[in-house]
Amino acid sequence: MPKNSLYSSASALQRKISNLVSPRLLIIILLIATIFLIGGGIYIAFMPAYVAASYYVGLLMIYPAIYEQTLAEGIAVMLTYALGTIGLILIYQSAKFRYNPHRASLLIRVGVTLFVVAFIILEAIMLYKIGF
């Protein structure tokens, strides 16, 4: 297939999608789908998931094994990924306010804080799972 026809097919597909859905809505849908997939949504959907795992000391929201995941853990990880993504979006949006340095620095500080909090939460979950 010639390179030109592949480009024209891709641009025709892009025009059809842009006529059906607004670009902002498409970005939101893709972000939600990405967070769902990275957070273990396929595993939760197809494996018998428990809300919490019964353990000899009670119920655990985070299963202490690397290859298992509870429903509560999957939702917590997805929400934490969303928190980090919101932080990165705030950092990106701060560039729009270069003529208002106070607002730009506020967005950067809040964005970095959200991203760092999400990173710390994910690292804590991972360290708990590997038994550190």
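The values are calculated or read from the model by the stated rules, or taken from the named source; none is laboratory data. No experiment lies behind these values; they were computed from the predicted model shown. Neighbour counts are summed over all protein chains in view; Cβ atoms, including those assigned to glycine, are modelled from backbone coordinates with ideal geometry.
Of all positions in segment 17-30, at least one carries a residue that is modelled with pLDDT under 85, farther than 24 Å from THR85 by Cβ, not small (Gly, Ala, Ser) and not in a loop (DSSP other than H, G, I, E, B). Scoring VAL57 on the criteria (1) of a type in the set (Val, Ile, Thr); (2) exposed (fewer than 10 other Cβ atoms within 10 Å of the Cβ); (3) at pLDDT 85 or above leaves a single failure, condition (3).
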